[in-house]
1. Can you tell me how much longer the chain between PHE174 and LEU58 gets when fully stretched, taken as 0.36 nm per residue apart minus their C-alpha distance, in nm with one decimal?
2. Using a simple charge model, +1 on the beta-carbon of Lys and Arg, -1 on the beta-carbon of Asp and Glu, nothing else, what dipole does the chain show about its Cα centre, in debye to the nearest 20?
3. What is segment 233-277 by shape, rounded, prolate or oblate, if you read a ≥ b ≥ c off the alpha carbon gyration tensor as root eigenvalues and call it rounded for a/c under 1.5, prolate for a/b larger than b/c, and oblate otherwise?
4. Can you classify the chain as rounded, prolate or oblate using the Cα gyration tensor, where a ≥ b ≥ c are the square roots of its eigenvalues, rounded means a/c under 1.5, and otherwise it's prolate if a/b beats b/c and oblate if not?
5. In whole Hz, with x marking every Gly and Pro, tabulate ³J(HN,Hα) for segment 154-160 from phi via Karplus 6.51 cos²θ - 1.76 cosθ + 1.60, θ = phi - 60°.
6. Among LYS92, LYS11, LYS21, what's the order by accessible area (1.4 angstrom probe), most exposed first?
7. Quick check for me: using +1 on Lys/Arg Cβ and -1 on Asp/Glu Cβ, what's the dipole size of segment 12-162 about its Cα centre, in debye to the nearest 20?
8. Starting from the residue with the highest accessible area, list ARG193, ARG214 in decreasing order, probe 1.4 Å.
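The values are calculated or read from the model by the stated rules, or taken from the named source; none is laboratory data. The structure presented is a predicted model; accordingly, all values stated were derived computationally and were not measured. Cβ: placed from backbone, ideal geometry, glycine included. Neighbour counts: every protein chain shown. Note: accessible area is taken over every heavy atom of the protein model, side chains too, but ligands, DNA and RNA are not part of it. Shrake-Rupley method; radii C 1.70, N 1.55, O 1.52, S 1.80 Å.
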Amino acid sequence: MPTLTVPAHAKLNLTLDVLGKRPDGYHDLRMVMQSIALADELTVTVGPGRGIAVRTDLAFLPCDRRNLAAAAAVRFLEHTGQSLAVEIDLRKKIPVCAGMGGGSSDAAAVLRALNELTAAGLSLMELAGLGASVGSDVPYCVLGGTALAEGRGEKLTPLPPLPACALVVCKPPFPISTPELFRAISGKKLRRRPDTAGLLEALSSRDLTGAARRMYNVFEDVLPPRQGRTVAELKARLIAGGALGACMSGTGPTVFGLFDDPGTAEGAAADLRVDFEDVFVTGAV
Ligand code: C5P
């Protein structure tokens with residue numbers, strides 16, 4: 001049976017700005033996204049028959065269509081008019097409900113793998129378009145790399161890559177509800193906005209320090225108080241540990257710091273591991 005094993009890379013938001021609420025209930029966003037080496041691993045197998053079967057090594061994850069990997073397989077088969085049995089074996093490495101796009105990236109990996117396994121011949125942009133109906137971050141995850149995402153998240157512009165750096169990523173041990181944070185930010189006067197144009201300029205001139213200093217996520221300002229304190233503390237510890245800049249990713253709670261020196265990054269990660277379990281040193285891909 002044709003089978004393919006593919007990585008599903010996590011993403012970080014170098015910036016996240018919410019521009020306003022849309023008539024369809026979603027929000028218009030402007031965000032600079034970066035994929036990182038930390039990745040789940042998916043093995044996708046197709047054969048004769050029907051039905052989507054998902055297996056994962058995390059017992060609490062749903063294996064039905066609430067799992068975005070399964071939803072993506074359903075959408076792909078509908079769109080291409082194929083009748084196949086699909087098996088997805090999912091090895092999770094990306095923390096769940098972390099603001100790192102783990103589920104979206106799994107969905108994107110399934111779309112890419114099925115496109116290859118069935119020789120359907122869809123372009124990356126067509127796959128990204130299909131992904132938009134699975135989740136707002138799926139189109140970006142199909143594309144990967146450094147990119148500007150606008151609209152609901154589906155309007156993508158590839159950007160010059162982030163200059164070589166090390167990233168320290170820490171996921172504090174509490175969940176944050178994405179719809180709740182969107183509700184909290186709706187209509188709120190934001191005290192601070194990211195300098196997205198400045199970050200784009202810094203990327204074009206390959207200025208890592210300039211890029212790091214412009215990272216900001218408007219959701220940092222609407223977190224519940226206790227979560228907000230932890231995120232602020234993590235950012236301060238990363239900066240004290242030598243990060244050029246630090247920011248929360250997505251709707252959190254993951255916080256990351258950007259370093260120009262791998263040794264300094266390892267030192268900052270060691271400091272965070274004293275208090276937090278999910279700490280990774282990784283790089284941009
Ligand atoms: O598209 P997705 O299912 O990932 O979105 C999860 C939730 O995030 C939505 O139900 C909505 O509350 C919020 N959202 C939004 N505007 C976006 C993306 C997500 O309001 N552009």
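1. Length gained between PHE174 and LEU58: 40.0 nm.
2. For the chain, the charge dipole is close to 780 debye.
3. It is oblate, given that a/c is not under 1.5 and a/b is not larger than b/c.
4. Because a/c hits 1.5 or more and a/b exceeds b/c, the chain counts as prolate.
5. With the stated coefficients, segment 154-160 comes to 9, 8, 10, 10, x, 10, x Hz.
6. My answer, sorted largest first, is LYS21, LYS92, LYS11.
7. Computed about the Cα centre, the dipole is about 180 debye.
8. Largest accessible area first, the residues go ARG193, ARG214.
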